[in-house]
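So the structure is just underneath, and the comments pick up after that.
The values are calculated or read from the model by the stated rules, or taken from the named source; none is laboratory data. All values derive from a computational prediction rather than experimental measurement. In this analysis, Cβ positions are derived from the backbone assuming ideal geometry, glycine residues included, and neighbour counts consider all displayed protein chains. Each accessible area value is taken on the protein alone, full model and side chains, heavy atoms only, with ligands, DNA and RNA left out. Shrake-Rupley method; radii C 1.70, N 1.55, O 1.52, S 1.80 Å.
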Amino acid sequence: MIELRDISLTFRDVPVFASLSLSFDAGSICGIIGPSGAGKSMLLNIITGSVHPQSGQVLLGGLPLPAHATRARARAIAACNGARPGNPHDTVREFLLLARMPHKKFLSPFSDYDYQVVDDYLDAFGLRDFANETLGGLSGCTLRKAGLAHAFIGEPDVLLLDDPTSGLDMSSIAQMQRALSRFTMRGKRIAVAASNDLNFIAQTADRAILLSRGAVALDATPEALDAAIIKKYFNADVLVSRNIYNGKPEFHLFPAT
Amino acid sequence: MTPKIDRKVSPTAACAAAMAVSAALIATNIFFAHHDAATVIACIAGSVFYCVAYGAPSVGAQSGGSYIITGEAAAWTAGALMTVMLFATAPAAIFITGAAFLMLYLLYTGYYLNLAVRQQAHAGLAAGSILAVFLFFIAFYDSSFNHEGAVSLFAGIKARPFVRAWPAAVFSAISCGMLAFAIFARHEIRLATHGRFYCEGGGFMHARTRLLYLCAKGAASSCAVFLIGWLGGGVGLLYDRRAPYRSRVVIDIGSTIAYTQVLLLAGAVVPDTIVVSIAIIVSSARGMRRQAYHGAPVYD
């Protein structure tokens, strides 16, 4: 379990969070939504430990984040924030294998299991045909999928995805939805996705947290999202329908006039 | 996706060719060009240092250009020139000052400024130009300027009379040790080249890892410039990334050794000035070819 306790953060003299408290339980996919600047990405950065709040703490397995060794933390938390890999000469397979780094000893080779996990996610994300291509030659969508697969391959306890649908085509989004479901299926892992794609969150997440002005405006199942909430927090008029398969909400913008 | 030319050459055949050509050139230099064996061995060690520094085992972030392109050779040579002109001509003094200049340059551009590959090439061009202006100035205005001595710094240890068996053996042993370490640590080194996000996601402190990486690279690069001057491989590195790892390393090292041996052989026929000029042209042409044919890597 991961818990944020009384987090307060001011970034460039702008208050982002004031005494924010949240907890995420294992076995769930949690969607973080909110208008731009609400602090969705910042929240994920605080959980990874790359941004330090002015007060409050993040508890991972009951212990404050800094109490965990760097490698142990890397084994427990993996993130995908759209950062481009820095070395375009690596092949996709080589790059994905690096996600297993926290699981191997320094200077030792990767295990057969490491290679097997990489192969599994190459298939899960439809990257098999690109496995031996260099990163520098990939399209934006394929590079994005490689970044997402990299986060999954670490097999962390906590998976953090920042704007995961950005730059993905529909089949890639479907692949990621399946991978997310499989990831949390056994009930021991947590996935947190911060996104502007309300339909993705509504269809994929078990829980939706709406951030606004540095505070939690709504913490409920996605079914609770309706046109009035979208109008209030996103300043957009939408038509809300229900997915005929699962009954979850779908949001439609009105045609521009 | 960028279309690729499908290379049909088998990696095994390419390995055999690289090893055969380099062995033939080494034999030619010793038996026909009558180069001292210690000089040839020192050149081989220099080529191995070059491969370690420029990412043959691990594909470093700097693999887009040789030390001529990145300006490291210019920094080393500037330090060595100042030492020769102002302080001492002892090889150890030249090596230490050159290495200090190169390390400072590398840390400034690679750590403090954190330049990308393309920006590093711009810095290299600036460093090379400053060195050229400096050389031009002292060559015209300093009557005591030793032209041969200056050229010997560019041409590496081969032009110096102090090459003995023991330094060549020591440098060879160190180069093999560094190569072995770089092969074992290739995954960790590659992780460091992917930037802060992935490095810390892999469980390493990025700042420390990058600092260590640059220091090790600077040490290998300094040894390479000391031993082979500016004659380090403008060709060879980064053989087709889809080939098996072991084949790639052998091909890269074999072709780099062969390239330096060709220039060493050329040095027996034409003046060192021309050999160094050829090395600069080849390195620059290779850098331009990478940009022209492969396009700018996505992260430049």
### Task
Could you tell me what percent of the DSSP beta bridges with both partners in segment A:2-253 are antiparallel, to the nearest 5?
60
### Task
Determine by what factor the alpha-carbon radius of gyration of segment A:2-253 differs from 2.2 N^0.38 Å, reporting the quotient.
1.02
### Task
Could you check the simple spin-label distance between A:Ser36 and A:Tyr245, using points 7 Å along Cα→Cβ, in nm with one decimal?
3.2
### Query
Label-point separation (nm) for B:Val9 and B:Ala33, each offset 7 Å from Cα along Cα-to-Cβ?
2.1
### Query
Using only helices, what value at 222 nm comes out for the protein assembly as shown when you add -39,500 (n - 2.57) per DSSP H run of length 4 or more and divide by the total residues, to the nearest 500 deg cm²/dmol?
-16000 deg cm²/dmol
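Counting alpha carbon pairs within less than 8 Å and at least 6 residues apart, what relative contact order, in whole percent, applies to chain B? Can you show the working numbers first?
Numbers: 413 pairs, mean separation 104.5, N = 300.
Averaging sequence separation for qualifying contacts and normalising by length gives 35 percent for chain B.
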### Query
What aspartates and glutamates could a cross-link reach from A:Lys231, if we take a straight Cα to Cα line under 19 Å and drop same-chain neighbours fewer than 8 places away?
A:Asp197, A:Asp219, A:Glu223, A:Glu250
### Query
Using the alpha-carbon atoms, what tilt in degrees (0 to 90, nearest 10) does helix A:170-184 show relative to the longest principal axis of chain A?
80
### Summary
Membrane-span-like helices (DSSP H runs, Cα span along own axis at least 27 Å, mean Kyte-Doolittle at least -1.0) in chain B -> B:117-141, B:165-184, B:206-228, B:245-267, B:272-294
### Query
What is the interface area between chains B and A, defined as buried accessible area summed over both chains with a 1.4 Å probe, reported in Å² to the nearest 100?
3100
### Query
What does the charge add up to near A:Arg207, with Lys and Arg as +1, Asp and Glu as -1, over the other residues with Cβ less than 13 Å from its Cβ?
-3
### Crossing angle, helix A:140-153 versus chain A [Cα axis fit, 0-90 degrees, rounded to tens]
80
### Rg in Å to one decimal, and Dmax rounded to a whole Å, for the protein assembly as shown via C-alpha atoms
27.8, 90
### Query
In bins 10 Å wide, starting from 0, what share of all Cα pairs of chain B does each bin hold, as a percent?
6, 28, 37, 22, 6, 1
### Listed peptides A:243-256, B:142-155 by packing density, highest first (mean Cβ within 10 Å)
B:142-155, A:243-256
### Query
Normalised by the residues of chain A, what does the relative contact order come to in percent, with Cα pairs under 8 Å and at least six apart?
26
### Kirkwood-based shape ratio for segment B:114-176, expressed as Rg/Rh from alpha carbons
1.13
### Simple spin-label estimate for B:Val133 and A:Glu223 in nanometres, 7 Å along Cα-Cβ
7.4
